[in-house]
Amino acid sequence: QRVKDELINKPGFKNKDIYVVSNTINEVFFQEDKWSELKLETKNNSLKLGIISRKYPHKNLEILPYVKEALEKKYKIRTEIYVTLNQKEWNKTNFFFKENIINVGPLLINQCPSFYMQIDGIIMPTLLEAMSVSPLETMFMSKPLFCSDFNFMHDSCDKYAIYFDPFSPKDIAEKIYNYFSMDQMKKQIWLANAKDFISQFPNAQKRCDEYMKILSSYI
């Protein structure tokens, strides 16, 4: 809706028909028999963070190794951060990135639940989004979401994300540390409430119905 509100005030979009259909979780997340196993390279007693993303400039992935560095040096937390880049994207990363980040390669949709299950939290230092489905998937899988403190993230996550300054590894590390220092019961309640929160979003069938309504209005 925020994208629509911005567009209708722009030259070239005034008096245009602009429709909004919400993003939603893929149906495979509700069908465990269709999940495909994914084996992550892990170390004992390490904090495991990850992001399912391509390496677009606005995803701001370059900050991730500095977040790991801050967690390990200041908070003494052994950390592993996982990304899902294709080989071309991975080859373009620098030595510091390769030394500190683990690349599992692009995932099939039915591998995503397994990815979420094996990590402790999703980290999204993104600088620009319309509405990414990753926050919804993260909440559905009962994992904490650490993300950029921008309006476009608040729109889809409300109070059920831990927000940080995406330009500050120090702030990101501090927010992550503070969350995992919380009482276990508080974390469980917060994650359960986050999962309830996403029930307001349409399922895949309802999303399809919304698309069909738009198409039908032009037939």
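From the list Ala173, Ala204, Ala192, the lone residue that is surrounded by 14 or more Cβ atoms within 10 Å (Cβ to Cβ) and under 24 Å from Phe30 (Cβ atoms) is Ala204.
Counting only residues that are in a loop (DSSP other than H, G, I, E, B) and open to solvent by less than 30 Å² (accessible area, probe 1.4 Å), which one in the stretch 155-167 is nearest to Lys74 (Cα to Cα)? Per the stated criteria, the residue is Pro166. The test for being β-branched (Val, Ile, Thr), surrounded by 18 or more Cβ atoms within 10 Å (Cβ to Cβ), out of contact with any Pro (no Cβ under 6 Å at 6 or more places or on another chain) and not in a loop (DSSP other than H, G, I, E, B) holds for Ile123.
So which residues in the stretch 5-23 are in contact with a Leu (Cβ under 7 Å, 6 or more places away or on another chain) and either open to solvent by 90 Å² or more (accessible area, probe 1.4 Å) or more than 21 Å from Val133 (Cβ to Cβ) (or both), if there are any at all? Passing the criteria: only Phe13.
Every condition in (1) in contact (Cβ under 8 Å) with a residue 24 or more places away in the chain; (2) assigned to a loop (DSSP other than H, G, I, E, B) is met by Val3 except one, and the failing one is (2). In the stretch 61-94, how many residues are in contact with a helix residue (DSSP H, G or I) (Cβ under 7 Å, 6 or more places away or on another chain) and among the hydroxyl-bearing types (Ser, Thr, Tyr)? Residues flagged as in contact with a helix residue (DSSP H, G or I) (Cβ under 7 Å, 6 or more places away or on another chain) and among the hydroxyl-bearing types (Ser, Thr, Tyr) within the stretch 61-94 amount to 3.
Here are Leu71, Leu40: which of them is under 21 Å from Phe146 (Cβ atoms) and modelled with pLDDT of 95 or more? Within the list Leu71, Leu40, the selection yields Leu71.
Output the residue which, of all residues in the stretch 73-90 that are in a helix (DSSP H, G or I) and closer than 26 Å to Leu38 by Cα, is most open to solvent (accessible area, probe 1.4 Å). Looking at the filtered set, the residue picked out is Lys88.
The listed residues are Thr79, Thr93, and the only one of them that is over 16 Å from the mean Cα position of the chain (by Cα) and over 17 Å from Tyr179 (Cα atoms) turns out to be Thr93.
Screening the stretch 95-107 for residues that are part of a loop (DSSP other than H, G, I, E, B) and in contact with a helix residue (DSSP H, G or I) (Cβ under 8 Å, 6 or more places away or on another chain) and picking the one that is surrounded by the fewest Cβ atoms within 10 Å (Cβ to Cβ) gives Gly105. Restricting the stretch 126-154 to residues that are in a loop (DSSP other than H, G, I, E, B) and in contact with a Ser or Thr (Cβ under 6 Å, 6 or more places away or on another chain) leaves a set whose member that is surrounded by the most Cβ atoms within 10 Å (Cβ to Cβ) is Thr126. Pairs linking a residue in the stretch 150-161 that is touching a residue at least 24 places away in the same chain (Cβ under 8 Å) to a residue that is open to solvent by 60 Å² or more (accessible area, probe 1.4 Å) and not hydrophobic (A, V, I, L, M, F, W, C), with Cβ atoms under 6 Å and 6 or more positions apart or on different chains, are Asp155/Arg2. Residues considered: Asn26, Asn110. Of these, the only one that is within 21 Å of Leu136 (Cβ to Cβ), open to solvent by 20 Å² or more (accessible area, probe 1.4 Å) and within 16 Å of the chain's Cα centre (by Cα) is Asn26.
The values are calculated or read from the model by the stated rules, or taken from the named source; none is laboratory data. A quick note: this is a predicted structure, and the numbers were derived from the prediction, not measured. Reconstructed Cβ throughout: ideal geometry from the backbone, glycine too, with neighbour counts over all protein chains shown. The area values use the complete protein model at the heavy-atom level, side chains included, leaving out ligands, DNA and RNA. Shrake-Rupley method; radii C 1.70, N 1.55, O 1.52, S 1.80 Å.
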